[in-house]
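What follows is one structure encoded as structure tokens, with my remarks underneath.
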Amino acid sequence: MSDLAFGIDIGGSGIKGAPVDLVAGDYAQKRTRIPTPQPSTPQAVADVLAELVGAYHLPDDVPVGVAFPAPMQRGVVRSMANLDQSWTGVDLPALVHRATGRHVVAVNDADAAGIGEVRYGAARDTHGVVLVATLGTGIGSALVVDGALVPNTELGHLEIDGYDAETRAADSAREREDLSWEAWTERLQRYFGVVEDLLSPDLIVVGGGVSKHHEKFLPHLHLRAPIVPAQLRNAAGIVGAAALAADR
Ligand code: BGC
């Protein structure tokens, strides 16, 4: 494994990337953020990725890891909740390889964040079943069992009380409905309660931008497993995707 890889996190509003130092598990240089093009079609996004990677003048053999907000099977986008629908069926590593000339690995964004937290962050010393949930536009989930990722768990789309769970409990629902922390915490309690009953994780790690306000909601959740904030915060997806690119 080489010590440097480039990580990219594609989101609904921004595309972020940085070279990652894989020994430290942190950015090797400052991160860059470019607004997600609208419409967020595959070609428009690929052009942004080429610009992003090109800005750093890295050696040709530095691989690229892409974290993408959809379930991914061997790099192919299976279905799309929060970006342009034309992504379904796209071979993301092939597209990004054409745009950058580099070796590319692409995984689900929450899976990338899960690997980041397990290797370098809040779940570093935990064995057993770790669930990482990212609360943002949607709810992403990563299930990591003794360090091995079970990909594409998509637990944000569990149907709970008749709703697609992320439409009620994602951070975007809190913002959209202008919910108080207390009201949103009740929804998180219901959500994580169901998830815990299904999977009995040993540790739950909560990421996404809102995790910087963790003291407003995490201490008020009552679960059997400890539930802790992500340590890499928004860097987890970039760092985890870069680590996976270097593995393969
Ligand atoms: C998608 C997941 C993704 C999550 C967070 C969900 O809507 O289905 O694949 O991980 O949002 O971006």
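The values are calculated or read from the model by the stated rules, or taken from the named source; none is laboratory data. For clarity, every value in this text was computed on a predicted model and none was experimentally measured. Calculation scope for accessible area: heavy atoms of the full protein, side chains included, ligands and nucleic acids excluded. Shrake-Rupley method; radii C 1.70, N 1.55, O 1.52, S 1.80 Å.
Numerical summary
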item: Sulfur and carbon atoms: percent of accessible area, region 171-248 [1.4 Å]; result: 48
item: Projected-area mean, the chain, by convex hull of Cα positions, square nanometres; result: 12.2
item: Phi to ³J(HN,Hα) by Karplus 6.51 cos²θ - 1.76 cosθ + 1.60 over region 15-29, Hz, x for Gly, Pro; result: 10, 10, x, 6, x, 10, 7, 7, 7, 7, x, 8, 4, 8, 9
item: Spatial separation of Cα centroids for region 69-90 and region 124-141, in angstrom; result: 20
item: Counting DSSP beta bridges with both ends in region 129-231, the antiparallel % (nearest 5); result: 60
item: Solvent accessible area, Å² - Ser180, 1.4 Å probe, full protein context; result: 60
item: By accessible area with a 1.4 Å probe, ligands and nucleic acids excluded, highest first: order of Lys16, Lys216, Lys30; result: Lys30, Lys216, Lys16
item: The chain: angle of helix 42-54 to the longest principal axis, Cα-based, in degrees nearest 10; result: 70
item: Accessible area of Arg248 in the full protein assembly, 1.4 Å probe (Å², nearest 10); result: 150
item: Distance from region 221-237 to region 7-23 (C-alpha centre basis), Å; result: 20
item: Accessible surface, 1.4 Å probe, highest first, among residues Glu177, Glu166, Glu182; result: Glu182, Glu177, Glu166
item: Largest to smallest accessible area among Arg33, Arg187 [probe 1.4 Å]; result: Arg33, Arg187
item: DSSP beta bridges in the chain [antiparallel fraction, %, rounded to 5]; result: 60
item: C-alpha long axis of helix 181-199 to longest principal axis of the chain, angle in °; result: 80
item: Length-normalised contact order of region 1-98 in % [C-alpha pairs under 8 Å, at least 6 apart]; result: 26
